[in-house]
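Structure record follows, encoded as structure tokens.
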Amino acid sequence: MLNENIKNIRKSKGLSQEELAIHLSVVRQTISKWEQGLSVPDANMLLSLSEALETPVSVLLGEPVSDPPADDLAKLAKKLEIINLQLAQNKDRKLKRTLWFLICLCVFILCIFALLLVLDSPYLHWDYSNPEYAVVGVALHVFEWFFVRISPLLLLAAIACIILVQKKRR
């Protein structure tokens, strides 16, 4: 029982006898003897073995640990396939949203540019002796000044991001 549990748990953890032996500071033949039932580990070694296999001592000493049935593995594989499909769909949805956001940003920037070209800065001809006109005129001028300097960089960055997102989607 102990020998079968050691062997099954070791294999389920993906460890070879050599790797487990190195972890426990024993020779590989010791692990082999334990798994064949020719000898048993002492109490201290049983605790070390429990830690190395990340398994409680009670499980090592308890009922035999069997390999999971093939149908359980098939069910697990099917669930993992569904999860992977859902993750891929979520990723694609996020990329689509990002793409549409970037496209809308480009269109918005171009519309504001067109609006500024059509209006041709009418506030420059206002009478600034009126304080209300002065405040609004300065605010419009500051907006236009920053927009004309920053938006081309933002537009180029958005176009570059659109190209990258398109490549990522393929």
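Coordinate-derived values only; no laboratory data. Here the structure is a predicted model, which means the values were calculated and not measured. Here the Cβ positions follow ideal geometry from the backbone for every residue, glycine too, while neighbour counts run over all protein chains shown.
Kindly identify region 70-169 as rounded, prolate or oblate by the Cα gyration tensor criterion: order the square roots of the eigenvalues as a ≥ b ≥ c, call it rounded if a/c is under 1.5, otherwise compare a/b with b/c, prolate if a/b is larger, else oblate. Prolate shape, in that a/c is at least 1.5 and a/b is the bigger ratio.
This model, with +1 at the C-beta of Lys and Arg and -1 at the C-beta of Asp and Glu, gives region 73-170 a dipole about its Cα centre of some 1480 debye. Tell me whether region 1-103 comes out rounded, prolate or oblate; compute the Cα gyration tensor, take square roots of the eigenvalues as a ≥ b ≥ c, and use a/c under 1.5 as the rounded threshold. Prolate shape, in that a/c is at least 1.5 and a/b is the bigger ratio. Classify region 2-61: rounded, prolate or oblate, from the alpha-carbon gyration tensor (a ≥ b ≥ c, eigenvalue square roots; a/c under 1.5 rounded; otherwise prolate if a/b is larger than b/c)? Rounded, because the longest to shortest axis ratio a/c is under 1.5. Comparing Ser151, Val118, Gln166 along the charge dipole axis of region 70-169, the residue lying farthest to the positive side is Gln166, per the Cβ-charge model. The charge dipole of region 1-145, taken about the Cα centre with unit charges on the Cβ atoms of Lys, Arg (+1) and Asp, Glu (-1), comes to about 480 debye, rounded to the nearest 20.
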